[in-house]
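The values are calculated or read from the model by the stated rules, or taken from the named source; none is laboratory data. Predicted, not measured: the structure shown is a model, and the values here were computed from it. Backbone-built Cβ (ideal geometry, glycine too); neighbour counts: all protein chains shown.
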Amino acid sequence: MENKNFRFETEAIHSGYLSDEHQGSLVPPLYQTSTFTFASAEQGERRFAGQEEGYIYSRLGNPTVKILEDRMAKLEQGEAGLAFSSGMAAVSAVLTALTKTGDRILCSQGVYGCTYGLLQLLKDKYDIAHDFSLMSSKEILEEEIRPNTACIYIETPINPTMKLVDLELVASIANQRGIPVVVDNTFCSPYLQTPISLGCDVVIHSATKYICGHGDVIAGIVVGKSDFIQQVSRTTQKDIGGTVSPFDAWLLLRGIKTLPVRMDRHCENASKLVEFLRNHPKVEKLYFPGNSDYVDDNRIMQKQMKKPGGLISFSIKGSKQTAQLFMNQLKLIKIAVSLGDAETLIQHPATMTHAVVPVEERRKMGIEDTLLRLSVGLEAWEDIQEDLDQALEKI
Ligand code: LCS
């Protein structure tokens, strides 16, 4: 069974785990242990020296975590995976592994607020600079890749503006120059988009979101080539220490089983709500892959995403206060950051997820004060729509 490639839905439930190796336990066991005993001092020496396979200490590896890493590698079509204590632990471990003082990182025209904060920190403390790029054509990319560009870092869809980046285009240019392309695939999950299959090198997830799906874990995942994963595992993960807890890995394994079913429902609900919001007189603009003001995005969406996803951003006619008033009228929809949960969540990026980004930068990214981001949950779409409708009526 292990060598056969099953369809995504099947791999999400089975891959990386053989019950025969675990007393027949249907569900992967939770190895809730910090350390592993050695049969002898010599065995401990061999394990530390890398001469013998086996677990040592849970910061360096844990059997429950390993199942999660293998499953995610399979779903992302990569060689190996590595799990982290948060999405930011994953982002920082990858970026610090790929760069050194004097390098530059070429980024998509917008990233999650804390990723922006990390880029700022790398610049201020370690002289690792970054450039934001539209990455919309070969010419733009060729101009913006500099001799010291050490990696390309992309969110697509971009949080929270939902703008897309053509991954095949970026990968084709970066591959020729040997520059690794890192993609934060949080908004899509591997069910909707697999950047490695498009030529990208590394995929990152805030597993806190769709991978978990139940709003009860903070975690991150990195997938890439085995040698890169091993390098990160032995350096920026081991020594900085952002490893996931076995229990959180266990919860993630549970969540992943229903990822395809959940994603289908998130997408279906979102597409219904897009129709409603697009036609609403109090909605100024709508940002949704394949259905927005971005001309090229429909083409990119068709090319690289299975479906447009479960996140919708939209701006309200009026001011920041109008947007906040609207949020305060919602009854079913919760005001909260995070996304990808069963509950529909709404947040105000300018004062929440992207509040750390200086206002001029925010504007360049397209984050207006009236912009809201809706993470469409798994409730009946009619109930979500009715809640939006009654709150829009009140502004
Ligand atoms: N990458 C993306 C695209 C994200 O949206 C987030 C978190 C992270 C990385 C970091 O992951 P974490 O450490 O939180 O697991 N995004 C959030 C958001 O949009 N609302 O709340 C958190």
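Quick notes on this one:
Residues checked against (1) modelled with pLDDT under 95; (2) not hydroxyl-bearing (Ser, Thr, Tyr):
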residue: Asn3; (1), (2): yes, yes
residue: Phe6; (1), (2): no, yes
residue: Thr10; (1), (2): no, no
residue: Leu18; (1), (2): no, yes
residue: Leu26; (1), (2): no, yes
residue: Gln32; (1), (2): no, yes
residue: Phe36; (1), (2): no, yes
residue: Gly44; (1), (2): no, yes
residue: Glu53; (1), (2): no, yes
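- Residue count for segment 202-223, restricted to those that are among the small types (Gly, Ala, Ser) and either surrounded by fewer than 24 Cβ atoms within 10 Å (Cβ to Cβ) or more than 9 Å from the ligand (Cβ to nearest atom) (or both): 2.
- Among residues of segment 157-173, those that are farther than 11 Å from Ser108 by Cα and surrounded by fewer than 24 Cβ atoms within 10 Å (Cβ to Cβ), counted: 6
Yes or no, residue by residue, for (1) among the polar types (S, T, N, Q); (2) within 13 Å of the ligand (Cβ to nearest atom):
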site: Ser313; (1), (2): yes, yes
site: Lys320; (1), (2): no, no
site: Met327; (1), (2): no, no
site: Leu330; (1), (2): no, no
site: Ile335; (1), (2): no, yes
site: Asp341; (1), (2): no, yes
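- Listed by first and then second residue, the pairs with beta-carbon distance under 7 Å, at least 6 apart or on different chains, first residue in segment 101-123 and closer than 18 Å to Arg373 by Cβ and in the same structural domain as Arg146 (by TED's automatic domain parsing), second near the ligand (Cβ under 10 Å from one of its atoms) and part of a strand (DSSP E or B), are Ser108/Glu155; Gly110/Glu155; Val111/Glu155; Tyr112/Glu155.
- Among the residues making up segment 1-56, none is of a type in the set (Asp, Glu), surrounded by 15 or more Cβ atoms within 10 Å (Cβ to Cβ) and in a loop (DSSP other than H, G, I, E, B).
- Hits in segment 345-395 - residues which are surrounded by 15 or more Cβ atoms within 10 Å (Cβ to Cβ) and among the small types (Gly, Ala, Ser): Ala350, Gly366, Ser375, Gly377, Ala391
- Where Thr243 falls short, out of the listed (1) modelled with pLDDT under 95; (2) within 16 Å of the ligand (Cβ to nearest atom); (3) not hydrophobic (A, V, I, L, M, F, W, C): (1)
- For His266, the criteria (1) touching a helix residue (DSSP H, G or I) at 6+ places or on another chain (Cβ under 7 Å); (2) on the phi < 0 side of the Ramachandran plot; (3) surrounded by 21 or more Cβ atoms within 10 Å (Cβ to Cβ) hold in every case but one, which is (1).
- Matching residues, segment 222-276, being of a type in the set (Ser, Thr, Tyr), out of contact with any Phe, Trp or Tyr (no Cβ under 8 Å at 6 or more places or on another chain) and within 25 Å of Val91 (Cβ to Cβ): Ser226, Ser233, Thr235, Thr236, Ser245
- Cys107 vs. criteria surrounded by 21 or more Cβ atoms within 10 Å (Cβ to Cβ), of a type outside the set (Gly, Ala, Ser) and more than 30 Å from Glu9 (Cα to Cα): yes
- Only a single criterion out of (1) within 15 Å of the ligand (Cβ to nearest atom); (2) touching a helix residue (DSSP H, G or I) at 6+ places or on another chain (Cβ under 7 Å) is not satisfied by Pro160, namely (2).
- Contact map, segment 85-99: first residue in a loop (DSSP other than H, G, I, E, B), second residue more than 8 Å from the ligand (Cβ to nearest atom) and among the β-branched types (Val, Ile, Thr), Cβ cut-off under 7 Å, separation 6 or more or different chains; pairs are Ser85/Thr243; Ser85/Val244; Thr99/Ile105; Thr99/Ile128.
- Total residues in segment 243-294, condition over 19 Å from Gly310 (Cβ atoms) and assigned to a helix (DSSP H, G or I): 8
- Of Ala350, Ala323, all but one fail to be touching a strand residue (DSSP E or B) at 6+ places or on another chain (Cβ under 7 Å), assigned by TED's automatic domain parsing to the domain that holds Glu386 and free of Cβ contacts under 8 Å to residues at least 40 places away in the same chain; the exception is Ala350.
- For segment 224-233, the condition of being under 19 Å from the mean Cα position of the chain (by Cα), part of a strand (DSSP E or B), within 15 Å of the ligand (Cβ to nearest atom) and closer than 19 Å to Gly78 by Cβ holds for none of the residues.
- Count of segment 100-141 residues, restricted to those that are of a type in the set (Ser, Thr, Tyr), within 11 Å of the ligand (Cβ to nearest atom) and not in a strand (DSSP E or B), is 3.
- Within segment 175-191, the set of residues being out of contact with any Cys (no Cβ under 8 Å at 6 or more places or on another chain) and more than 12 Å from the ligand (Cβ to nearest atom) comprises Asn175, Gln176, Arg177, Gly178, Pro190, Tyr191.
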